[in-house]
Amino acid sequence: MDAYALLFASTLSAGTVLALASLGLLINEKVGIVNLGAEGMMLCAALAGFATVVATGSTGLGFAAGMAAGAVLAGIFGVLVIWLNTNQYATGLALSLFGAGFSAFAGLNFVQAKMPTLPKYSIPGLSDIPLIGPALFNHHPLVYLAVVLALGLMWWLDHSRAGLVLRAVGESPDSAHALGYPVRRIRLLAVMAGGALCGLAGAYISTVYTPLWVEGMVAGRGWIALALTTFATWRPVRVLLGAYLFGGVTMLQFHLQASGVQVASQLLSMLPYVATIVVLVLISRNPTWIRANMPASLGKPFYPGN
């Protein structure tokens, strides 16, 4: 039974990475912007977070550095696609490629670097409960923050004035502009907020999840996060549940290997990506359902005055 508790705990940790990045991308897409550069932003943020923790010994500063890196890159992307009306998909792919190349080059000096020993986190009393304690109450605070963030974002989008304005910008930017809302500014702020969350996810990978720096260590999680927003039909709580589902598939490969299952490790490593493809194929079978849930202006440029 301890093995199952360990699998559940690792699922929560792996799912947190996807949840943070997906929630950031969800904010982007709620205002009509598709950012395919999540992978590159997460890689640069992972390097920024790791380098900061190595230099300062503070994970808090490492998370802040990762969020800053993600926000800056997202801001550059936002200026290009919102003000200069470049193609969102091509610009996002360029950002992803840039982030992969830049992080590989800038991170050469950190490949052998070691982080200071981080404290172990647990909730006193609850962490001692058999099975449930190790599975639920021995996690880094960001694991619990991801849950709070998803619930808070759900409420904010549905019940706050600012959230309704953000959704209006994504559903009908022309109408929002006619009512006097600064559509481009709102979109840029949303893109930068989403980039900051992608940066937080990247910093979490390199400082908590696997505390080291290796080229390409995000390993496709940015692309999975993009698929997850569609899988969850742009609903924050569904994003959270989907992140744990994909996190469980990711960790299942290690659980099966430890259990002595005679399957090639290469096939097991394919599981998260195969699951992503299968989910996208199943969702794509009903395009009407997708169109009914997606923001109306998703991926479309905005021209004030049209």
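Evaluated at q = 0.14, 0.22, 0.25 Å⁻¹, the base-10 log of the normalised Debye intensity for segment 60-138, with identical point scatterers placed on the Cα atoms, takes the values -0.74, -1.02, -1.16.
Residues in segment 247-254 carry Karplus couplings, in order, of x, x, 5, 4, 7, 4, 4, 6 Hz; the curve used is 6.51 cos²θ - 1.76 cosθ + 1.60 with θ = phi - 60°, and Gly or Pro positions show x. Treating each Cα of the chain as an identical point scatterer and summing with the Debye formula, the log10 of I(q)/I(0) at q = 0.11, 0.12 Å⁻¹ comes to -0.67, -0.80.
Give me Rg over Rh for segment 6-103, both radii from the alpha carbons and Rh done the Kirkwood way, two decimal places. Please list the in-between numbers first.
Working: Rg = 14.6 Å, Rh = 14.2 Å.
That ratio is 1.02, to two decimals.
Taking 0.36 nm per residue of separation and subtracting the current Cα-Cα distance, fully stretching the chain between Phe105 and Ala178 would add 21.7 nm.
Normalising the average separation of contacting C-alpha pairs (under 8 angstrom, six or more residues apart) by the number of residues puts the relative contact order of segment 2-142 at 31 percent.
Please tell me the relative contact order of segment 91-151 in percent, rounded to the nearest whole number, where contacts are Cα pairs under 8 Å and at least six residues apart.
Details: 20 pairs, mean separation 13.7, N = 61.
Reported relative contact order: 22 percent.
For segment 209-306, the per residue solvent-accessible surface stands at 53 Å², with DNA, RNA and ligands left out and a 1.4 Å probe. In the chain, the longest principal axis of the Cα atoms and the axis of helix 38-56 are about 50 degrees apart. Convex hull volume per residue, computed on the Cα atoms of segment 124-178, equals 100 Å³.
Counting other Cβ atoms within 10 Å, which chymotrypsin sites (Phe, Trp or Tyr not before Pro) in segment 51-128 have at most 15 and lie in a DSSP loop?
Tyr121
A simple spin-label model places the labels of Val147 and Leu61 3.1 nm from each other, with each point 7 Å out along Cα-to-Cβ.
Rounded to the nearest 0.05, the FRET efficiency derived from the C-beta distance between Gln257 and Val237 at R0 = 30 Å is 0.40. May I ask you to compute the full-extension gain from Lys114 to Ile277, defined as 0.36 nm times their residue separation minus their alpha-carbon distance, rounded to one decimal in nm? Fully extending the segment from Lys114 to Ile277 adds 55.1 nm. For segment 80-96, the Karplus equation 6.51 cos²θ - 1.76 cosθ + 1.60, evaluated at θ = phi - 60°, returns couplings of 5, 8, 8, 8, 9, 6, 6, 5, 4, 6, 5, 5, x, 4, 4, 5, 5 Hz by residue, with Gly and Pro reported as x.
Normalised by 2.2 N^0.38 Å, where N counts its residues, the alpha-carbon radius of gyration of segment 149-234 equals 1.35.
Note that segment 73-112 presents 55 Å² accessible area per residue, ligands and nucleic acids not counted, probe 1.4 Å. Straight Cα distances below 20 angstrom link Lys30 to the lysines Lys300, with same-chain residues fewer than 8 positions distant left out. Residues considered: Gly260, Gly62, Gly152. Largest GNM mean-square fluctuation over the chain, using C-alpha springs under 10 Å, is found at Gly260.
Here the Debye sum runs over all C-alpha atoms of segment 49-194 as equal scatterers in vacuum, and log10 of I(q)/I(0) at q = 0.12, 0.15, 0.17 Å⁻¹ comes out as -0.78, -1.02, -1.12.
For Ser122, no residue whose modelled amide H falls within less than 5 Å of its own remains once neighbours fewer than 5 places apart on the same chain are excluded.
Principal-axis analysis of the Cα atoms of the chain puts helix 221-231 at an angle of about 60° to the longest axis. For Ile129 and Asn293, the FRET efficiency from 1/(1 + (r/R0)^6), where r spans their Cβ atoms and R0 equals 25 Å, is about 0.05. GNM on the chain, alpha-carbon springs under 10 angstrom: the most fluctuating residue among Thr288, Thr233, Thr250 is Thr288.
For a paramagnetic label modelled on Trp83 (point 7 Å from Cα along Cα→Cβ), amide N atoms under 20 Å away belong, within segment 158-181, to 177, 181. Here the Karplus curve 6.51 cos²θ - 1.76 cosθ + 1.60, taken at θ = phi - 60°, turns the phi angles of segment 24-29 into couplings of x, 5, 5, 4, 4, 6 Hz, with x standing for Gly and Pro.
For the peptides 236-248, 35-47, what is the packing order when you average, over each peptide's residues, the other Cβ atoms within 10 Å and list the highest mean first?
Details: 236-248: 22.1, 35-47: 30.5.
Ranking the peptides 236-248, 35-47 by packing returns 35-47, 236-248.
The values are calculated or read from the model by the stated rules, or taken from the named source; none is laboratory data. None of the values given here were measured: they were computed from a predicted structure. All Cβ positions, even for glycine, are placed from backbone atoms using ideal geometry, and neighbour counts span all protein chains on display. When the accessible area is computed, the model is the full protein with side chains, heavy atoms only, and any ligands, DNA or RNA have been set aside. Shrake-Rupley method; radii C 1.70, N 1.55, O 1.52, S 1.80 Å.
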